[in-house]
1. Please report the relative contact order for the chain, taking Cα pairs under 8 Å with a sequence separation of at least 6, and give it as a percent rounded to a whole number.
2. Amide H of VAL191 versus every other amide H placed in the peptide plane: which residues, excluding those fewer than 5 positions away on the same chain, fall under 5 Å?
3. From the phi of every residue in segment 163-171, what ³J(HN,Hα) in whole Hz does the Karplus formula 6.51 cos²θ - 1.76 cosθ + 1.60 yield, where θ is phi - 60° and glycine or proline is x?
4. From the residues TYR203, PRO311, PHE35, which one has its Cα farthest along the dipole of the chain in the positive direction, the dipole being from +1 and -1 charges on Cβ of Lys/Arg and Asp/Glu about the Cα centre?
5. Would you mind ranking LEU60, LEU47 by Cβ crowding within 10 Å, fewest neighbours first?
6. Fewest Cβ neighbours within 10 Å first, please rank LYS51, LYS176, LYS239, LYS182 accordingly.
7. Give me the log10 of I(q) over I(0) for segment 9-325 at q = 0.06, 0.10, 0.12 Å⁻¹, as the Debye formula computes it from C-alpha points; what are the numbers?
8. Which ³J(HN,Hα) values, rounded to whole Hz and listed in residue order, are derived for segment 186-194 from phi using the Karplus coefficients 6.51, -1.76 and 1.60 in 6.51 cos²θ - 1.76 cosθ + 1.60 with θ = phi - 60°, glycine and proline given as x?
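Read the figures in this text as sums done on the coordinates, not as results from a lab. Note that the coordinates shown come from a computational prediction; the quantities given were computed from them, not determined experimentally. Note: ideal-geometry Cβ built from the backbone for every residue, glycine included; neighbour counts use all protein chains shown.
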Amino acid sequence: MQDVSTPSLDEIQAPVADRLDLVMDELRRIITSDFDRIEEVNDYLALLRGKLFRPALLLLANEVGFAPDDRAVTLAAVVELVHLATLVHDDAVDHSVLRRGQPTVNSMWTHQVAIIMGDYLYSRAIMQLARIGLMDAVDVMANAANEMSVGEMRQLTAYDALDFSEEDYTRLIAAKTASLMKAACELGALVGDTECRAPLARYGHSLGMAFQVADDILDYTASEEETGKPTGHDLREHKVTLPLVGAMRGADEAGMALVRRVFDDPEPSDDAIAEVVDWVRDRGGVDYALDWADRYANQAAAALSEVPRGPATDALHAAIAYATRRTR
């Protein structure tokens, strides 16, 4: 839950605000096409500009104990392209009609267009990596992209809510979310202070884990106006997340029956979703997940203790609080 002590994203990004503007210029340059339909979708995606959280992490990591490197701007654009491609693909796979309260690419055009557009964004990102010519950067991004794909497949095949463990969840979010944040921080150090590469990679992993746990908590606590999606959206899509896993620990048969009814129903009702959301809250599932998020946050802070202090490192510390306590 966000409070007055939680830094805003603008505050975190302030040390690299000028470079983030350059990242946006790079993004436009990289994805420009002479094919009308691709440009049409590109223009729409530009209107849906994301938070640029991952590019900011990369740029901040690049400035830890080192002078900024121009290659970091292009690498930040590559990371954002991969993230955007993943979102476009995810929305198509999930048949989602809204993303942050706005129509998705698949709802504006077709699922085929969304899949092809995601592939286009990935391919443009790969082209830029090739042009930079750093094999270590290619290796870092290739591993992250592979992990993300495996993570999405894990989520797609996680059908049995009653058999989904903490270990399953940890493995899923490490691949689905933490892998790209880890890559962003590692890439920043790769073209910065290379001695910080290992601790910043650990920081990015732990931050990504905390970020995803916090995101999953929002599905049980935040309103549609705050997140752009209704409460219980993950349940409606039969996605098992940590608050539910925590609530199911030691639950009686009546509670498990509530969960089973939702996951056995292809289109669960609003009332059924609300009943499970309330049950998860009452069973302490949200508090259980918050404890996990705090543990990952502490691991991220510990990793930062191994790198030089300065404005960039302070901003990375602030990003931990933002990731775990945001409301959207």
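1. Relative contact order, the chain: 24 percent.
2. Close amide H contacts, sequence-distant or interchain: none at all.
3. 10, 9, 9, 4, 4, 4, 5, 4, 5
4. Value computed over the given set: PRO311.
5. Ranked by crowding around the Cβ, least crowded first: LEU47, LEU60.
6. Fewest-to-most Cβ neighbours within 10 Å comes out as LYS51, LYS239, LYS176, LYS182.
7. Each listed q corresponds, in turn, to -0.20, -0.57, -0.82.
8. For segment 186-194, the Karplus curve yields 5, 5, x, 6, 4, 9, x, 7, 5 Hz.
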